[in-house]
Amino acid sequence: MSNIITVKDMCLWYGEHQALKNVNIEIPEKSITAFIGPSGCGKSTFLKTLNRMNDLIPGVKITGDICYEGTDIFAKDVDVNNLRKEIGMVFQKPNPFPMSIYDNIAYGPRTHGITNKMQLDDIVERALRDAAIWDEVKDRLKKNALGMSGGQQQRLCIARALAVQPKILLMDEPTSALDPISTSRIEELVTELKEKYTIVMVTHNMQQAVRVSDYTAFFLLGELVEFSKTDDIFSQPQDKRTEDYITGRFG
Amino acid sequence: MLNQSLSKKRKSFEVLMKALMAVSVGLTAALVLFLLVYVLMRGIPNITWELLSSKPSYLTERIGILPDILNTVYIVLATLLLVLPLGVGAAIYLTEYASNKKVVGIIEYAAETLSGIPSIIYGLVGMLLFSNSMGTCLMAGALTLVIMNLPTIMRTTQESLKTVPQSYREGAFGLGAGKWRVVRTVVLPGCVDGVITGCILSVGRILGESAALLFTAGFAHAVNGLIDGLAAPGATLTVALYVYAKEQGEFGVAFAIAAILMVLTVLINFAASLVQKYFAKRRSL
Amino acid sequence: MKKREYSPYEENAKAFHDELLESEIEAVNLARKKASKREWAKYTEKIIHIIFLLLGLITVGCVLLITVYLVISGIPAIREIGLVDFLFGKEWASTAFEPKYGILPFILTSIYGTAGAIVIGVPVGFLTAVYLSKLASKKVKSVMQSAVSLLAGIPSVVYGLVGMLVLVPGIRKIFDVPDGASLFAAIIVLAIMILPSIIKMTITALDAVPREYEDASLALGATPIETYFKVSVPAAKSGIAASVVLGVGRAIGEAMAVMMVAGNVPNMPDSLFQSVRFLTTAVSSEMAYSSGLQRQALFSIALVLFLFIMLINATLNFFLKREKE
């Protein structure tokens with residue numbers, strides 16, 4: 001299996017504060033990689049660096065290399081909007097736009113220049129089916145998305161991200177704002193999605209990492225402490241700190 | 001100890017302050033009530049259909065305020081049409097685009113300065129800037145009012161832009177949308193309430209304005225269409241009130257206009273608070 | 001030349017080759033198209049950014065424009081009359097055979113009038129605000145707040161009209177003076193007109209005082225009234241100071257209402273019951289028929305007024321900044 005993202009010696013500063021220190025990681029294609037670690041360890045920051053969402057925060061400085069399919073994502077000729085089209089994102093709190101369900105899903109494709117109604121209908125249906133929410137919403141596509149339940153909103157956001165046909169889906173604690181039933185539906189969905197997409201998710205919940213992910217990366221104080229197959233990391237962690245964390249001694 | 005009452009000094013302070021507050025509140029309330037009742041009582045009897053529907057004529061010695069009503073409508077429309085894109089654009093720049101704090105500070109200071117400048121100075125500058133080149137006309141007045149109302153629209157829009165959740169912006173950026181697309185599709189629809197509130201406040205200010213219009217828009221009373229009207233001099237209701245009261249001693253007409261303005265002011269305040277409540281409710285959903 | 005014949009095998013290979021070539025060209029074209037589209041999008045983003053920047057800078061432009069215009073049109077008359085004679089001359093007789101352009105009467109009238117309005121308006125407004133912010137029931141507060149908003153929204157000419165017909169005759173009768181149109185009438189009208197700004201801003205400042213301060217004072221055995229005046233008010237002092245400065249700005253800049261009740265005669269303000277002219281009314285009362293040096297002198301008055309306002313704005317900003325901290 002090939003690696004879709006390669007990160008070399010990446011450091012990140014918020015002004016004076018160094019939030020990430022020399023991160024090296026290779027993320028395999030069509031798999032689920034989970035980032036775990038205590039709050040403030042830099043895992044979310046790192047995730048947001050992968051599609052350059054950190055660009056929106058003033059005062060962020062990044063060194064090192066991040067290659068997506070062999071191209072440096074910080075290179076001058078890389079269009080950040082196209083990068084984000086390839087590497088989609090699902091946020092911690094469901095954030096549907098205050099528009100209809102249909103318009104939410106169609107937002108991305110329209111952004112990237114698709115205006116044909118038939119084509120859009122097709123994309124919307126496919127995205128909603130992929131996100132396993134089609135049956136619940138097919139009769140109310142014109143209704144405002146803010147009227148849905150939290151779990152539905154989050155699956156809508158996943159569908160919205162899928163509609164631009166990304167290769168990678170970044171998920172920033174996608175279930176932390178949801179109830180257990182919605183959470184398990186999303187987990188199911190994520191496992192299905194890895195057929196077609198590479199998924200990188202930050203999670204606070206170690207059981208979740210065990211349940212869904214193929215690979216796990218453990219972050220601590222801005223450092224990537226350990227990265228390997230999920231089964232390995234949870235059964236025989238190499239680093240003492242990892243062991244302490246997964247056995248619940250801190251965090 | 002516990003049943004001991006307050007010392008004399010403390011007690012008298014207590015009583016004195018309570019009395020003073022009661023007098024002040026009573027005074028303020030009485031003042032508002034008096035102004036409202038007095039103006040309406042003296043004004044409403046003078047409001048006739050003839051007054052509202054005709055123009056003044058020295059031949060028949062009849063006074064009508066139709067031209068002034070029309071002029072007011074024209075000047076409100078023209079001003080809003082011009083000030084909206086400018087004010088909303090400036091607000092968008094400040095909340096969405098500006099990254100340099102110094103620039104933001106300068107722009108905000110300028111806006112505060114603008115809102116502190118008295119209308120008589122606007123009138124004077126408007127005269128120099130606009131009336132001297134295009135003649136005394138409603139359009140010159142409207143342009144002057146545009147500068148005056150710019151800070152209002154800017155502030156209300158800015159405030160409502162700040163309430164657009166950051167997550168909407170992130171969501172759109174995360175899908176690969178460019179800045180302009182994010183602003184147009186996600187941010188702008190969220191500031192409708194600010195724009196409406198700004199419009200209402202501006203209409204109120206335009207209705208009440210006289211000093212800035214006297215030398216820019218003039219005080220003619222001719223009935224015109226919208227386009228010719230903007231190119232011709234004309235008095236708004238408020239300016240007409242001033243002219244009738246101060247220059248011509250027509251107090252009946254002046255009070256009729258005052259009553260109309262008073263009712264409009266009440267309506268505008270009511271509308272403004274209604275809009276705010278409506279949007280506050282919708283936002284909390 | 002004789003056309004060369006291809007064997008079936010060769011035909012096939014050629015077609016295959018052409019197809020390959022075609023699809024390659026297509027791919028290249030598509031990539032080019034995409035790239036140029038991207039370039040174009042970058043370009044438009046930049047233009048839009050610049051457009052918004054310009055819109056943002058309009059306010060700055062307006063302030064500069066106003067300042068420059070006032071300075072350019074205000075300086076010539078001051079030069080001709082002489083700064084000292086202009087600012088400290090006690091007599092204004094612009095239409096006399098030997099015109100005199102001293103604006104001290106206007107400056108003093110504006111200062112006295114504003115001071116008077118503050119002396120009357122601030123205590124009333126302040127006490128009303130304390131009551132509404134701390135003591136009033138929710139209902140009373142909301143009713144009174146809309147009443148105050150109404151007061152703020154009434155056009156100044158309406159104040160002028162009511163002042164002309166109620167206040168001016170009233171002053172004449174009560175104080176037995178020949179003409180009620182006077183500095184005193186103007187002070188009363190101005191005091192009323194600044195009330196809403198003072199009340200609104202003071203309420204905002206007082207509402208923002210943290211509840212903990214007040215609780216601490218109450219827990220020490222102070223009465224609510226003592227707490228409000230000795231803890232809440234000092235805690236809100238920057239905001240209250242700002243409300244006073246805002247009131248000063250409103251009062252000194254008001255033209256129309258004052259024009260209708262102050263008598264509009266360029267006297268020195270020696271007595272409360274004298275007809276006087278303010279800086280604002282000096283500008284507007286002669287503008288319609290002025291020309292030459294007289295007109296230029298009016299612009300100079302406007303410049304003086306503008307300088308006053310800028311000073312007040314700077315003070316206001318100072319207090320507002322402190323309030324924020």
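The values are calculated or read from the model by the stated rules, or taken from the named source; none is laboratory data. Quantities reported herein were computed from a predicted structural model and do not represent experimental measurements. Cβ sites come from the backbone with ideal geometry, for glycine too, and all protein chains shown count toward neighbours.
Sort out for me the helices (runs of 4 or more DSSP H) sitting completely within the range C:63-154 that have 2 or more residues that are among the small types (Gly, Ala, Ser). Full working, then the answer.
Values: elements: C:83-88, C:104-130, C:138-153.
Hits in the range C:63-154: C:104-130, C:138-153.
Only residues that are surrounded by fewer than 14 Cβ atoms within 10 Å (Cβ to Cβ) and of a type outside the set (Asp, Glu): list them for the range A:108-129, please. Walk me through how you get there before you give the answer.
Applying the first criterion (surrounded by fewer than 14 Cβ atoms within 10 Å (Cβ to Cβ)) to the range A:108-129 yields A:113, A:115-119, A:121-122.
Scanning the range A:108-129 gives A:113, A:115, A:116, A:117, A:118, A:119.
When residues of the range A:68-85 are filtered for being of a type in the set (Asp, Glu) and within 8 Å of chain B (Cβ to nearest Cβ), how many remain?
Residues in the range A:68-85 being of a type in the set (Asp, Glu) and within 8 Å of chain B (Cβ to nearest Cβ): 0 in total.
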Scan of the range C:100-126 for residues that are closer than 16 Å to residue C:270 by Cα and within 13 Å of another protein chain (Cβ to nearest Cβ), ordered by number:
C:106, C:110, C:114
Are any residues in the range A:158-200 hydrophobic (A, V, I, L, M, F, W, C) and assigned to a loop (DSSP other than H, G, I, E, B), and if so, which ones?
A:163, A:164, A:177, A:178
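Looking at residue A:151, is it out of contact with any strand residue (DSSP E or B) (no Cβ under 8 Å at 6 or more places or on another chain), buried (at least 17 other Cβ atoms within 10 Å of the Cβ) and over 20 Å from residue A:68 (Cβ atoms)? So that I can check it myself, show each step before the final result.
Values: out of contact with any strand residue (DSSP E or B) (no Cβ under 8 Å at 6 or more places or on another chain): yes; buried (at least 17 other Cβ atoms within 10 Å of the Cβ): yes; over 20 Å from residue A:68 (Cβ atoms): yes.
It is true that residue A:151 is out of contact with any strand residue (DSSP E or B) (no Cβ under 8 Å at 6 or more places or on another chain), buried (at least 17 other Cβ atoms within 10 Å of the Cβ) and over 20 Å from residue A:68 (Cβ atoms).
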Take residue B:65 and tell me if it is closer than 30 Å to residue B:195 by Cα, of a type in the set (A, V, I, L, M), modelled with pLDDT under 95 and buried (at least 18 other Cβ atoms within 10 Å of the Cβ).
no
Restricting to the range B:215-262, what's the tally of residues that are closer than 19 Å to residue B:38 by Cβ, aromatic (Phe, Trp, Tyr) and surrounded by 22 or more Cβ atoms within 10 Å (Cβ to Cβ)?
3
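Does the range B:162-185 contain any residue that is buried (at least 24 other Cβ atoms within 10 Å of the Cβ), under 15 Å from the mean Cα position of the chain (by Cα) and assigned by TED's automatic domain parsing to the domain that holds residue B:81? Walk me through how you get there before you give the answer.
Of the range B:162-185, the ones buried (at least 24 other Cβ atoms within 10 Å of the Cβ) are B:171-172, B:174-177.
If we keep only those that are under 15 Å from the mean Cα position of the chain (by Cα) as well, we get none.
Checked against the condition, which is being buried (at least 24 other Cβ atoms within 10 Å of the Cβ), under 15 Å from the mean Cα position of the chain (by Cα) and assigned by TED's automatic domain parsing to the domain that holds residue B:81, the range B:162-185 yields no hits at all.
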Near pairs, Cβ below 7 angstrom, 6+ apart or cross-chain, from the range C:280-305 (more than 21 Å from residue C:67 (Cα to Cα)) to any residue that is part of a helix (DSSP H, G or I):
C:285/C:259; C:286/C:294; C:286/C:298; C:290/C:298
Checked the range C:127-145 for anything more than 30 Å from residue C:262 (Cβ to Cβ), of a type outside the set (A, V, I, L, M) and facing chain B (nearest Cβ under 7 Å); matches are C:131
Counting only residues that are under 17 Å from the mean Cα position of the chain (by Cα) and hydroxyl-bearing (Ser, Thr, Tyr), which one in the range C:145-202 is farthest from residue C:117 (Cα to Cα)?
C:149
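Output the number of residues of the range C:209-229 satisfying the condition of being touching a residue at least 60 places away in the same chain (Cβ under 8 Å) and surrounded by fewer than 20 Cβ atoms within 10 Å (Cβ to Cβ).
Going through the range C:209-229 one residue at a time, the tally reaches 2.
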Restrict the check to the range C:57-69 and report whether at least one residue is more than 7 Å from every other protein chain (Cβ to nearest Cβ) and over 15 Å from residue B:114 (Cα atoms).
no
For the range C:230-239, check the following and say yes or no: at least one residue is in contact (Cβ under 8 Å) with a residue 40 or more places away in the chain, at the interface with chain B (Cβ under 10 Å from one of its Cβ atoms) and surrounded by fewer than 21 Cβ atoms within 10 Å (Cβ to Cβ).
no
Please enumerate the residues belonging to the range A:63-87 that are crowded, with 17+ Cβ neighbours inside 10 Å and either at positive phi or assigned to a strand (DSSP E or B) (or both).
A:66, A:67, A:68, A:87
Quick check: is even one residue across the range C:72-82 without any contact (Cβ under 8 Å) to a residue 24 or more places away in the chain and within 14 Å of another protein chain (Cβ to nearest Cβ)?
yes
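Somewhere in the range C:165-176, is a residue in contact (Cβ under 8 Å) with a residue 40 or more places away in the chain and either within 14 Å of another protein chain (Cβ to nearest Cβ) or not in a helix (DSSP H, G or I) (or both)?
yes
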Any idea which of (1) more than 30 Å from residue C:244 (Cβ to Cβ); (2) touching a residue at least 60 places away in the same chain (Cβ under 8 Å) is the one residue C:116 doesn't satisfy?
(1)
Check every one of the helices (runs of 4 or more DSSP H) wholly within the range A:88-157 and list those with 1 or more residues that are within 10 Å of chain B (Cβ to nearest Cβ).
A:101-111
All-but-one check, residue C:154 against (1) more than 28 Å from residue C:268 (Cβ to Cβ); (2) without any contact (Cβ under 8 Å) to a residue 40 or more places away in the chain; (3) more than 9 Å from chain B (Cβ to nearest Cβ), failing number (3)
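Every residue, every condition in (1) at the interface with chain B (Cβ under 10 Å from one of its Cβ atoms); (2) closer than 25 Å to residue C:175 by Cβ; (3) touching a Gly at 6+ places or on another chain (Cβ under 9 Å), yes or no:
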residue: C:246; (1), (2), (3): yes, no, yes
residue: C:261; (1), (2), (3): no, yes, yes
residue: C:268; (1), (2), (3): no, yes, no
residue: C:292; (1), (2), (3): no, no, no
residue: C:303; (1), (2), (3): yes, no, yes
Among the helices (runs of 4 or more DSSP H) lying completely within the range B:92-185, list those that include at least 1 residues that are within 8 Å of chain C (Cβ to nearest Cβ) and either over 30 Å from residue A:48 (Cα atoms) or of a type in the set (A, V, I, L, M, F, W, C) (or both).
B:101-116, B:119-126, B:138-162, B:179-182
Could you please find all residues in the range B:233-285 being closer than 23 Å to residue B:210 by Cα, hydroxyl-bearing (Ser, Thr, Tyr), more than 7 Å from chain C (Cβ to nearest Cβ) and over 15 Å from the mean Cα position of the chain (by Cα)?
B:244
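Yes/no matrix, rows are residues, columns are (1) in contact with a Ser or Thr (Cβ under 8 Å, 6 or more places away or on another chain); (2) within 23 Å of residue C:243 (Cα to Cα); (3) surrounded by fewer than 24 Cβ atoms within 10 Å (Cβ to Cβ); (4) among the hydrophobic types (A, V, I, L, M, F, W, C):
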residue: C:172; (1), (2), (3), (4): no, no, yes, no
residue: C:181; (1), (2), (3), (4): yes, no, no, yes
residue: C:188; (1), (2), (3), (4): no, yes, yes, yes
residue: C:195; (1), (2), (3), (4): yes, yes, no, yes
residue: C:198; (1), (2), (3), (4): yes, yes, no, yes
Looking at the structure I just gave you, is residue C:176 surrounded by fewer than 24 Cβ atoms within 10 Å (Cβ to Cβ) and either of a type in the set (Lys, Arg) or under 30 Å from residue B:248 (Cα atoms) (or both)?
yes
